[in-house]
1. Would you mind listing the strands (runs of 3 or more DSSP E) fully within the stretch 73-164 where at least 2 residues are on the phi < 0 side of the Ramachandran plot and within 8 Å of the ligand (Cβ to nearest atom)?
2. For the stretch 131-153, give me the residue count where each residue is within 18 Å of the chain's Cα centre (by Cα) and over 17 Å from MET79 (Cβ atoms).
3. Scanning the stretch 32-56 for residues that are within 26 Å of GLY89 (Cβ to Cβ) and open to solvent by 70 Å² or more (accessible area, probe 1.4 Å), which turns out modelled with the lowest pLDDT?
4. What's the number of the condition VAL59 fails, among (1) open to solvent by 50 Å² or more (accessible area, probe 1.4 Å); (2) in contact with a Phe, Trp or Tyr (Cβ under 6 Å, 6 or more places away or on another chain)?
5. For the stretch 29-49, give me the residue count where each residue is within 15 Å of GLN107 (Cβ to Cβ) and either aromatic (Phe, Trp, Tyr) or within 15 Å of the ligand (Cβ to nearest atom) (or both).
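The values are calculated or read from the model by the stated rules, or taken from the named source; none is laboratory data. No experiment lies behind these values; they were computed from the predicted model shown. So basically every Cβ, Gly included, is an ideal-geometry build from the backbone, and we count neighbours across all protein chains shown. What goes into the accessible areas is simple: the full protein's heavy atoms, side chains included, and nothing from ligands, DNA or RNA. Shrake-Rupley method; radii C 1.70, N 1.55, O 1.52, S 1.80 Å.
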Amino acid sequence: MGAGREMEVSLDAVRDKNMMQLKKLNTAIFPVRYNDKYYADALSSGDFSKLAYFSDICVGAIACRLEKVEGGTVRAYIMTLGVLAPYRGLGIGTKLLSHVLDLCAKQNISEIYLHVQTNNDDAIAFYKKYGFEITETIQNYYVNITPPDCYVLTKAISGTAPKK
Ligand code: ACO
């Protein structure tokens, strides 16, 4: 991706004040409705959830949850990563994901994972490009969408942030 494509994109924190932006994006991008816990988790993840602005327009977001695992370590779960259709292919998804992978490396988070619908070839190709691997297939993970199955995509964090 050319560096020029990223020039006009900036990231902003998710806060109470702009939560409506995240809600609107999710409604436009995803077939799933997210509950209050999703938004509370996004808020409490701090820098791990970000809105992406192309000039002044909110066009994408990443929302993460931080999970404590056995042994006292923390892993990151990407609840959603989405970019409005007209703004895809411009490097915005990469910018959002790179930001979070960078934070994981800095905070010694050793693993990041997510669920993706098994027919979402674009997203699977995107995540594989950045080193995620399919580690599990879960049948009937989703309730109201077809296919109902998902893959778990996982990436071990080596301590080195990816190239932007
Ligand atoms: N087909 C194949 N490869 C793709 C595609 C695609 N449609 N889109 C991105 N890629 C790969 C390419 O290798 C691309 O690099 P290139 O442009 O140099 O060829 C690379 O990913 C980076 O692409 P970006 O432009 O950074 O990605 P984009 O801003 O388009 O965002 C995203 C990718 C977030 C997956 C976007 O397509 C999207 O919002 N999809 C709809 C929502 C969605 O399905 N989100 C993921 C669901 S899973 C979850 O949220 C946990």
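1. Values: elements: 74-83, 111-117, 133-138, 150-156.
Here the list reads 74-83, 111-117.
2. Number satisfying all stated conditions: 4.
3. Per the criteria, the residue is ASP56.
4. The failed condition is (1).
5. Total satisfying the criteria: 3.
Here's the yes/no breakdown for (1) in contact with a Ser or Thr (Cβ under 9 Å, 6 or more places away or on another chain); (2) modelled with pLDDT under 95; (3) farther than 18 Å from CYS64 by Cα; (4) surrounded by 13 or more Cβ atoms within 10 Å (Cβ to Cβ):
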residue	(1), (2), (3), (4)
ILE134	yes, no, yes, yes
VAL152	yes, no, no, yes
LYS155	no, no, no, yes
GLY159	yes, yes, yes, no
